[in-house]
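Please treat every number below as a calculation from the coordinates, not as lab data. Because the structure is a prediction, the values reported are computed rather than measured.
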Amino acid sequence: MAVGSAEARARLALLAEELKRGRIVEARLVEPGYHVHGLCDRETDAIIIDPAPATVSTLLHELLHRRFPRWGERRVAQEERRLMRYLSDDEIRWWYGQYLRRRKRQRRPVAVRHSEE
Ligand SMILES: [Zn+2]
């Protein structure tokens, strides 16, 4: 087991207690020029999560792998970051909407082979 894992376990137990307090909100987060994934609103004590940027970033990454099968991991990751910087907030919403429309949910877990990530 990794060094420091006892501390990590203790910290995660603390965060699990914090999670039980609730006040977790899913909402669109808007900040011009940035794609914000989440924030802790200290005034309302709420945690706000926007699932769109992380999902779109992952979606673009995997689309790049499929469309350009000869590209290596580093090139795909660089292009993913470049495209995320280029996308406006409205475009992120469009891609996220497309993802929600087109995704198929599967209960059966998928075993990942390292070269497929
Ligand atoms: Zn990859």
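Okay, here's what the table says:
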item	result
When the convex hull of its Cα atoms is projected in every direction, mean area for the stretch 20-102 (nm²)	6.9
Euclidean distance of C-alpha centroids, the stretch 24-40 and the stretch 75-106, integer Å	15
Extension gain, residue 36 back to residue 63 (0.36 nm per residue minus Cα-Cα distance, nm)	7.5 nm
Residue-averaged 222 nm ellipticity for the chain, from DSSP H runs of 4+ at -39500 (n - 2.57), nearest 500	-17000 deg cm²/dmol
